[in-house]
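Colleague: Pasting a structure here, questions to come.
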Amino acid sequence: MAPRAYWKGSLKLSLVSCPVVLYPASTSVEKTRFHMINRETGNRLKQQMVDAETGEVVEGDQKGRGYELSKGKYVEIEPEELEAVQIESNHTIDIDSFVPREEIDKRYLNHPYYIAPDGKAAVDAFAVIRDAMKDQDRVALARIVLTNREHVIAIEPCGKGLLGTTLRFPYELRDESEFFDDIKNPKITKDMVELASHILDSKAAHFDPSKFKDEYETALKALVKRKASGKTIKIPEPEERPSNVINLMDALKQSLKGKRAAKAARHSSSRRSHAQRRPARKAHRSSARARKAG
């Protein structure tokens, strides 16, 4: 049974429209979370809003929203003033355009949602839009209102349904030049690049999320389980950080040598295992022939 829909409305392509529902495609429910508690009583703590200057607790009817114009100077915005600029949700995903998939900069990708037809009557129109997008190998760009804010959403086929991913606006992205301009361009020899390329080849694989392991989450669950059962938690000694002074060429050679040694060991182990099985089969055949001759 599908979970409760996060959003309901219509997906519209020109004059073709069909009812759809949105479900969040990601969840953090399984992550280990902690609450703030009182060490003396073991009770959970509640947070209170406190005036930054007076230190007094602020009651609910005294709370308001303000925008900081300058340090410590705010302009207060009333709830009805916010409502005046909120975009009215028309519950329609109106497709504006279709763009090549490879043109979407991954930095713009934000939150993913599954889009499914809402009811049997919507299946035909939904399938037409989905399959047309498959044929063209293009991603639809549309606008949707979620939580009183308008978002651009990229829509593409995903199995029997559609995947909608909200996109960030340009003002939400930082300019890479702020972080990359100071990176120097050192002279790297061709041999170093070739060695690094060989290491990359040795680690070639396919994208398989099932192999992702959240080691920290596993350790947290183990910690909670041990603590809840009354066991003592041993705090490990901090590891010494290795020196950053290395010879790059030596490091590349050692890395490649290690990969080759590991590969050779696996190959040798496989050959030994195969060789050990062959005499057993030969002995079995000899025994069988002896019984037949007798």
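The values are calculated or read from the model by the stated rules, or taken from the named source; none is laboratory data. Since the model is a prediction, treat every value here as computed from it, not as a measurement. Reconstructed Cβ throughout: ideal geometry from the backbone, glycine too, with neighbour counts over all protein chains shown.
Colleague: Just for region 12-25: of the residues that are among the aliphatic types (A, V, I, L, M) and under 26 Å from the mean Cα position of the chain (by Cα), which one is surrounded by the most Cβ atoms within 10 Å (Cβ to Cβ)? Before the answer, list the steps.
Modeller: As a first pass, look at region 12-25 and keep what is among the aliphatic types (A, V, I, L, M): 13, 15-16, 20-22, 25.
Still in the running and under 26 Å from the mean Cα position of the chain (by Cα): 20-22, 25.
Details: VAL20: 28, VAL21: 20, LEU22: 22, ALA25: 14.
Among those residues, the one meeting the criterion is VAL20.
Colleague: If you don't mind, another one. Would you mention how many residues in region 53-97 are among the β-branched types (Val, Ile, Thr), within 30 Å of THR166 (Cα to Cα) and either in contact with a Lys or Arg (Cβ under 6 Å, 6 or more places away or on another chain) or surrounded by 10 or more Cβ atoms within 10 Å (Cβ to Cβ) (or both)?
Modeller: Selection size over region 53-97: 5.
Colleague: For PRO100, indicate whether it is assigned by TED's automatic domain parsing to the domain that holds GLU150, farther than 21 Å from LEU146 by Cα and either free of Cβ contacts under 8 Å to residues at least 24 places away in the same chain or surrounded by 10 or more Cβ atoms within 10 Å (Cβ to Cβ) (or both).
Modeller: So PRO100 passes the test.
Colleague: Name the single residue, out of those in region 87-114 being in a strand (DSSP E or B) and of a type in the set (D, E, K, R), that is farthest from LYS8 (Cα to Cα).
Modeller: At the first step, the residues of region 87-114 found to be in a strand (DSSP E or B) are 92-100, 109-114.
Right, trim to of a type in the set (D, E, K, R) and you get 94, 96.
On the way: ASP94: 14, ASP96: 19 Å.
Taking the candidates together, the pick is ASP96.
Colleague: Within region 199-214, identify whether any single residue is in contact with a helix residue (DSSP H, G or I) (Cβ under 8 Å, 6 or more places away or on another chain), in contact (Cβ under 8 Å) with a residue 60 or more places away in the chain and part of a helix (DSSP H, G or I), and answer yes or no.
Modeller: Yes, the conditions are met somewhere in region 199-214.
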